[in-house]
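Reading through the structure tokens given below for one structure.
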Amino acid sequence: MKNSKDFEIHHFYQNYLESQNRVGYKPRNKTTKIDYEKIGFMSGLEVHQQLKTEKKLFCNCPAGIFQKDGQYDAELVRHMRPTLSELGEYDGTALMEFKTKKTIYYRVAHITTCTYDVDDTPPFKLNRQAFKIALEITRLLKSFVVGELHIARKQYLDGSIPTGFQRTGIMGIEGFLPIRNKKLKIIQISIEEDSCREISDIGHTRIYKTDRLGMPLVEIVTYPEMKMPNEVVETAQYIRFLTHSTGHVRTGIGSAREDVNVSVRGGARVEIKGVAKISRIADLTHNEAFRQVSLLEIRKDLLERISDLKNWKIEHKILNGHQVEKLIKEANGLLKKGHKIVVANLPMFRGILSFFNQPGRMFSDEISDRLKVIACLERPNMLHSEQWDVDLNELFDLVRKKLDAKNEDAQILFLSPLEDIATALETIEERCKMAFEDIPVPNETRKSFANGTTMFERVLPGADRMYPDTDTVPIAICQKFIDEVDKELPKGVDIRLAQFIKWKVPKDAYIYLLSKNLVPLMERIINDFNYNPKFLSTLIAHRLKHIQGQIKSASQFDFDKLYDVCGFVKKECLHREIISFMLPIVYEFPYMDPESVLREINFKKHDHEAIFSLIPILIEKFNQITNSKNPDASFRWMMKELKPMAIGNISMTELAKVIRKELINE
Amino acid sequence: MSDFFMGYKGKAQEILKKYNVRVWSEAKIDTTRGTFQGIVLPRSENDDAYHIVLKLITGYNVGIAVETIQNMVGNGYKKANYKIPEREFPVSKDKKNIKLFGTGGTIASRLDYRTGAVIPAFSPGELYGAVPELADICNLSTDKLFAVFSENMGPAQYKVLAKAIGDEIKRGIDGIVIGHGTDTMHHTAAALSFMVQNPPVPIVLVGSQRSSDRPSSDAALNLIHATKTAADSDIAEVMVCMFGSTSDEYGLLHRGTRVRKMHSSYRSAFRTIGDIPIAKVNRDEIVPLRHDYKHRRKDRDVLVTPVFEERISLIYYYPNMNPDIIESIIDMRYKGIVISGTGLGHINKPLYPAIKRAAEKGVAVYMTVQTLWGYVNMFVYDTGRDLMSIGIIPAENMLPEVAYIKLGWALGQTSDLEKVKEIMLTPICDDITEREPYNGYLVYQGGIPEVEEFIKNFHK
């Protein structure tokens, strides 16, 4: 008996590994362009970027003030109900969300939220500041600007917006980004309001806070023309540089979020939602592509096994009794008060549940995800016949017997309150049936995790959820306004990149300089004080960046301080190298005047002669304290001795030259 | 032809004609700003004549400026077909029969492209498609009496409605729900309270503060609460049923003569003034908050008095009001005036001669308070006594709008001012109450720590 158990454990783990091989999954760094071509990798981006405005988009609440989870003044409750779209259809997502029967709580703080936010007052006029910034970005993307902005209602029944829809409107369509090897096309750019931040989502209760709600965003959507993960990352970076170049967008954590669309040949568009870090995109898209390949492989197996797909269905039973309870407890203590034990038989699914899905995840997780999201069964929400992490043999022998299961079947056991059982069973059957549809990859949005994997979030909504907003009137975008915006438009990212090459800026400085939009500042310093661009770029992107990691600024650091410091050093005829030493103090105390900064680092003015005059004395001293005949040793020692006095008064290169000359003369 | 260019006028219509592109066709438009493709949508009549509306493939609408258009090609025709999914409303013997009268509110609705506004859907099948929960509550039949916006409801409609209610009651209905726009719902509620007296079944007015074309609408839940009340409650009165808090939690049943809309857009805009509501209602139960309501009966002895004198006016007094206003009302042969006065029921002295003349001309003049809460009391100051002596009759704590409706109804029955006075001052369904309970006046002030604590812990 023991042997057979071991065999079972071994068997499904083996199945997982073998299926991973079949799928052709490799870590990203071992996957080549050709591999991605083979599976038909395709990806597109939707970038959401918060705009830097004083107020929210459709009301006069302040934008950019955030509340902690526990800080709120009032709470209210809503349920969302699907409504018809403009074209008279119900949306798929809408129906799914309705099925979940969630009660949505909003925690409201007076300072960030008004009655508009909670849908008790109609919208105020669209924020002009946001409108202008959105147009600016539209122009930078070289998009076709619409003649009139029409606000639409885009339904979201997850409750993330208390109205049940997001107000959004197209500013422009088409346009392009000149990324490294091609022109990447833009589908559209829209202006829209941000959603609530989720505090928790447990069972039938979801809680949101409303601070971020209603803040203005632009959404930039690209065509799905990116052929490998690195290209997606590059595009996301480019868009970040572009939006940041305006100086009118919010920066920092959560201010830009990417939805990443991925598909492979034979698969379908899947949207990975709300990725906050660009660097994570690479693994996420990589893993998603192979998840889709795995679903294609599963389909092949199922088609071979099941002849009558139409009538395939699951059978279920509700179990009770001490024996089954005892066995479940032994497995993982899943038993919950008032929950029923339900078992389901999945005909011909043996080996499918343990099929590779993503690193560390198998097909059974696809079902478990949906049980959590749609049937509101909290995890751990199920056990199944192909787990190898716990010993479930005795339990599932019993389950198989109760279900009259055949050897080629698989089984799932879940616990559920009585009222959720029907939805849970429906959910399991629905997900299994999707596995042998013509396109076995369900259109869905997925939530991302830091380790590069994703889980089901909701059914992907279609155009059916759009509805014109009857509370707002169209806003004309006239040529005069466009011309006005064009006058202040920053230089394109492609022009900046060309400038970097001309300036000999090291490559590792690009991201910092562009994402913080520091090139205009560099330009001013170079033009006004004639600084060397390369020196300036490393001063900022290496030295200052390093300091930022080490020291906490006493107040919000304003990069414009660099202009003042550079100007001061120039005016005082100091050598630029002193700035590196001044920076830690400048960063920590941005309001300190430059003279005091110099005092702080013990700088004193010396003319060159005074410094040079010390060289012979130092040579003599060196010879006294050591017998080393290594000329480099004496040189290094002397540089070290003279540096504190020399820095800012003379260039280190020049000082070195003089010392070497003196040493030779010696 | 007008169907071809729905809502388009002037330059926009000209260009559509020029390129022979009609509404609902798939169009490709070349402009100086780039090429746009989509379905040409009708344009709202109130919008300008310089843009054409396109629905892009992504589902978004955009406007194209006529002056930028260089070429346009249209083909095909794809009209959106709005239909609220209609399913036959299930009927079962053990459920109460409820009649829903429609007056034009938006219980379930779809979009009107012409105006960009929403059109109500109404048949039982449509309602069942939109709010299937109704079938668990009652057997529903509907009757669309009119399709007017709330602000256009008036005496003519009150009378039709009162008669229709009387007829339904005689036919044996178990409860009546009236879908109504919210703006003047309290006027209609007052009118029905007077015109339909002693009803044996609940008569419930309901509406929504957020139109039912949005997922967060209060329409469905309000309708559920109202039908629940009509079917299961023991309260045989005219009531308004609307959200009690902004949360999707419970509705309040307000007496038709004491209710008022107190916020232009809030979900819980309706409040009982100077008293407490009759009951709380949710999906499962009706919880009375007081026990002095009239109970449901088996008999059909309802008294319908569908009359209304329309030449009456409600005047909101303000300092420096000129007597001209009153004089013109008298000259236009109005028969009654309700004044909404300041404080305890005051107006300025220059108005006195006009008021006196009104009384002499046989115009009924009643005083109410614009503070809404509290009684008229014209004995406290001399000015009040003067006013009474020249013919103004204090209307106790009747709400101004209620006094207006009641005066129209009273004058509809008789022109004998003594009889009118008797009708006016005899309370019907608490239009005047003998006392104001301590919790009848509650306008809490935000910012006060204990109030803040309250709104944090209870859903407002």
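The values are calculated or read from the model by the stated rules, or taken from the named source; none is laboratory data. All figures in this text were calculated on a predicted structure; none of them were measured in a lab. Ideal geometry is used to build each Cβ from the backbone, glycine not excepted, and the neighbour counts take in all protein chains shown. Surface accessibility is based on the protein's heavy atoms, side chains included, excluding ligands, DNA and RNA. Shrake-Rupley method; radii C 1.70, N 1.55, O 1.52, S 1.80 Å.
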- Reduction of at least 50 Å² in accessible surface, 1.4 Å probe, comparing all protein chains with the chain by itself, residues of the range A:106-128: A:119, A:120
- Message: Please list, by residue number, everything in the range B:291-319 whose backbone N is under 14 Å from a paramagnetic label point 7 Å out along Cα→Cβ of residue B:413.
- Response: B:303-309
- Task: Check each of the GluC sites (Glu not before Pro) in the range B:308-369 and keep only those in coil by DSSP with at most 14 other C-beta atoms within 10 angstrom; list them in order.
- Result: B:310
- Enumerate the lysines that residue A:552 could reach by cross-link, defined here as Cα to Cα under 21 Å, with residues fewer than 8 away along the same chain left out. A:516, A:561
- Taking a 32 Å limit on the Cα-Cα distance, which of the listed pairs B:170/B:361; A:52/A:545; B:9/B:99; A:56/A:142 fall beyond it? B:170/B:361; B:9/B:99
- Task: Write down, largest first, the equivalent ellipsoid semi-axes of the range B:312-425 in whole Å, where each equals the square root of 5 times an eigenvalue of the alpha-carbon gyration tensor.
- Result: 19, 17, 13
- Note on the structure: Simple SL model, points at 7 angstrom along Cα→Cβ for residue A:605 and residue A:404; separation in nm is 10.2 nm
- Heavy-atom accessible area with a 1.4 angstrom probe orders A:185, A:329, most exposed first, as A:329, A:185
- Task: Over the whole of B:31-38, what's the average partner chain Cβ count within 10 Å per residue? Rounded to a whole number, please.
- Result: 5
- Query: What is the average number of partner chain Cβ atoms found within 10 Å of a Cβ in A:149-162?
  - Reply: 3
- Message: Pairs of alpha-carbon atoms within less than 8 angstrom and 6+ residues apart define the contacts here; what relative contact order does chain B have, in percent?
- Response: 11 percent
- Given the candidates B:172, B:304, B:355, the one whose Cα lies deepest towards the positive end of the charge dipole of chain B, counting +1 at each Lys or Arg C-beta and -1 at each Asp or Glu C-beta, is B:172
- So which of B:294/B:335; A:487/A:571; A:209/B:456 end up more than 23 Å apart, counting from Cα to Cα? B:294/B:335; A:487/A:571
- As a check on your grasp of the helix formula, calculate [θ] at 222 nm for chain B: sum -39500 (n - 2.57) over DSSP H runs of n ≥ 4, divide by the residue count, round to the nearest 500. -7500 deg cm²/dmol
- Task: Could you check the simple spin-label distance between residue A:223 and residue A:60, using points 7 Å along Cα→Cβ, in nm with one decimal?
- Result: 4.5 nm
- In debye, nearest 20: dipole of the protein assembly as shown around its Cα centre with unit charges on the Cβ of K, R (+) and D, E (-)? 2120 debye
- Message: What is the percent carbon and sulfur in the accessible area of the range A:511-582, measuring with a 1.4 Å probe over the protein chains and ignoring ligands?
- Response: 48 percent
- Mind checking which of A:159, A:237, A:171 is farthest towards the positive end of the range A:151-268's charge dipole, using Cβ charges of +1 (Lys, Arg) and -1 (Asp, Glu) about the Cα centre? A:237
- Can you list the aspartates and glutamates whose alpha carbon is less than 15 Å from that of residue A:227, not counting same-chain residues fewer than 8 positions off? A:35, A:37, A:283, A:288
- Task: Please give the solvent-accessible surface of residue A:604 in Å², to the nearest 10, using a probe radius of 1.4 Å with every protein chain present.
- Result: 130 Å²
- Message: Need one value for B:242-253: mean number of C-beta atoms belonging to other chains within 10 Å of its residues' C-beta atoms.
- Response: 3
- Message: Using a 1.4 angstrom probe on the protein heavy atoms only, could you order B:228, A:55 from most to least accessible area?
- Response: A:55, B:228
- Rounded to the nearest 10 Å², what accessible area does residue B:18 show when all protein chains are kept and the probe is 1.4 Å? 150 Å²
- Message: Could you tell me the relative contact order of chain A? Use alpha-carbon pairs under 8 Å, at least six residues apart, and round to a whole percent.
- Response: 15 percent
- HN-Hα J couplings of the range B:256-266 from phi, Karplus 6.51/-1.76/1.60, θ = phi - 60°, integer Hz, Gly and Pro as x? x, 9, 10, 9, 8, 7, 10, 8, 6, 9, 4
- Between residue A:22 and residue A:593, 0.36 nm times their residue separation minus their Cα-Cα distance comes to what? 198.9 nm
- Task: Return the FRET efficiency for the residue pair residue A:323, residue A:300: r is the Cβ-Cβ distance, R0 is 35 Å, and the value is rounded to the nearest 0.05.
- Result: 0.35
- Query: Among the aspartates and glutamates, which fall within straight-line cross-link reach of residue A:640, defined as a Cα-Cα distance under 14 Å, with same-chain neighbours fewer than 8 residues apart omitted?
  - Reply: A:632
- Item | For the pair B and A, total buried accessible area rounded to nearest 100 Å², probe 1.4 Å | 4600 Å²
- Query: By how many nm would the segment from residue B:443 to residue B:311 lengthen if fully extended, with 0.36 nm per residue of separation less the alpha-carbon distance?
  - Reply: 44.1 nm
- Accessible-area value, residue B:459, 1.4 Å probe, nucleic acids and ligands omitted, Å²: 40 Å²
- Task: With runs of 4+ DSSP H residues as the only contributors, calculate the mean residue ellipticity of chain A at 222 nm using -39,500 (n - 2.57) per run, divided by the residue total and rounded to the nearest 500.
- Result: -12000 deg cm²/dmol
- Task: Considering only protein heavy atoms, with the full assembly of protein chains and a 1.4 angstrom probe, order B:141, A:263 by accessible area, largest first.
- Result: B:141, A:263
- Query: Along the charge dipole of the protein assembly as shown, Cβ charges K/R +1 and D/E -1, which of B:103, B:191, B:395 sits furthest on the positive end?
  - Reply: B:103
- Task: Run the numbers on the range B:10-77 and let me know its relative contact order in percent, using alpha-carbon pairs under 8 Å that are six or more apart.
- Result: 39 percent
- Message: Need one number: nm distance between label points at residue A:494 and residue B:167, each 7 Å from Cα along Cα→Cβ, rounded to one decimal.
- Response: 7.3 nm
